[in-house]
1. Using the Cα centre of the chain as the reference point, and only Cβ charges (+1 on K/R, -1 on D/E), how large is the resulting charge dipole? Debye, rounded to the nearest 20.
2. Scan the chain and report its longest stretch carrying no trypsin sites (Lys or Arg not before Pro) that are both in a DSSP loop and have at most 14 other Cβ atoms within 10 Å.
3. What is the angle, in °, between the Cα long axis of helix 208-217 and the longest principal axis of the Cα atoms in the chain? Nearest 10 is fine, range 0 to 90.
4. When Tyr135, Tyr275 are ordered from fewest to most other Cβ atoms inside 10 Å of their Cβ, what list results?
5. Among Trp292, Trp186, Trp21, Trp154, what is the fewest-to-most ranking by other Cβ atoms within 10 Å?
6. Using only Cα atoms, what Kirkwood radius does the chain have, in angstroms?
7. Which residue, chosen from Trp154, Trp177, Ala223, occupies the Cα position most advanced towards the positive end of the dipole of the stretch 9-344, where the dipole is computed from +1 (Lys, Arg) and -1 (Asp, Glu) charges on Cβ about the Cα centre?
8. Using helices alone, what [θ] at 222 nm do you get for the chain, with -39,500 (n - 2.57) per DSSP H run of 4 or more residues, divided over all residues and rounded to the nearest 500?
Amino acid sequence: MQIDTTSPVMVTGATGYVAGWIVKGLLDAGLTVHAPVRNPQNLGKVQHLLKMAENSPGTLRLFKADLLDEGSYAEAMQGCAIVFHTASPFSVNVKDPQTQLIDPAVKGTRNVLAEASRTDSVKRVVLTSSCAAIYTDAIDCATAPNGTLTEDIWNTTASLEYQPYSYSKLLAEKAAWEVANDQSQWDLVVVNPSLVIGPATNQSPTSESFNIVRQIGDGTMKAGAPRAGIGLVDVRDLAQAHIAAAFTPEAEGRHIISGHNSNLLEMGLALQSKYGDLYPLPKKALPKWLVWLVGPLSGIPRKFVSNNVNVEWRADNSKGKRTLGVTYRPLRESMEDMFTQMVDNGVFDKA
Ligand code: NAP
């Protein structure tokens, strides 16, 4: 892969967990990175990026933009050959899914991609979609051909009422393909990650990924964890996939980026050898009937339990390996690096 460092590139959502590692990879490769963020003056959100730039051969330029402000990405996009669109809220506990998830995801995608069409320099857009645009529950794998999710499959089971985050990713990716197919100036390459794990580039990440791993370490699952099927990918491997999606000329279409067909219990077990004596980690599987019975008390709907607990998650990651050269590190390494960082940041001090 040849990285063209002559034109700047733009990364939306640079303050986020996934984008932090993409920005790092681009700066380390010597690129000029334009980073439109909601508040460039908020040092708590951008200081780690400024430091990253200082320690790299690349250059970082911050701009102000918001997914919901039409036209706000124009200045940041000027002269950029590649646009990485990662910004989108990743949260599962929301009061109003339409305004908190769907609007920023869909209107934001249309806003950024419309700007790309108005900006002559843009030749490629790399969109961070999700496996959530492919499936909602692990049981959707069972209905997929050969019991395995592929890039040909689209989510048909999420809605505004059930798993609205997945619905937001589905609608956003569909909107992206619609805008892309309406023009010929730039091409769209989509990355569809499973649940992202691994360390953050900043000290206080807000991504839902950290909420999930916090519950594995804070005692919530000390009696056991459900074998809820899920796919997992390390954030550093995912960043490499994005960079390859940008600079591999023949890259096209969607790419499932997922290193491990796994489950929640396995995530906890991966931490046992290093942290088992120190933290109340889950050691065994909770029976499905028990999760079904008590799930609603902790906000886990019975439909989710039925459709995910003791249900295998399977996805075919061969396209990403073959065309983008993606490689995946072991699950234990990702979990240990993430957990160690959370311990160092005091996340479990009150556990
Ligand atoms: P994150 O850390 O919460 O990052 C979300 C980013 O979106 C932040 O930079 C946030 O900016 C930005 N954002 C949200 N609303 C915005 C708005 N109205 N205007 C401008 N920026 C806005 O979450 P993440 O996990 O890195 O997620 C990044 C992308 O990866 C998302 O598209 C997500 O769907 C996708 N993804 C994540 C996972 C995962 O497991 N983490 C899996 C698959 C796909 P602020 O810092 O200002 O809030």
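1. Here the chain has a charge dipole of around 780 debye.
2. 96-283
3. 30 degrees
4. Arranged by neighbour count, lowest to highest, Tyr135, Tyr275 become Tyr275, Tyr135.
5. Placing the least packed residue first, the sequence is Trp154, Trp292, Trp186, Trp21.
6. Values: mean 1/r = 0.0486 Å⁻¹.
The Cα-based Kirkwood calculation yields 20.6 Å.
7. Of the listed residues, the answer is Ala223.
8. Taking each H run of at least 4 residues, the total per residue is -11000 deg cm²/dmol.
Here, each number is a calculation from the coordinates, and none is a lab measurement. Just so you know, these numbers come straight off a predicted model, no measurement behind them. Neighbour counts are summed over all protein chains in view; Cβ atoms, including those assigned to glycine, are modelled from backbone coordinates with ideal geometry.
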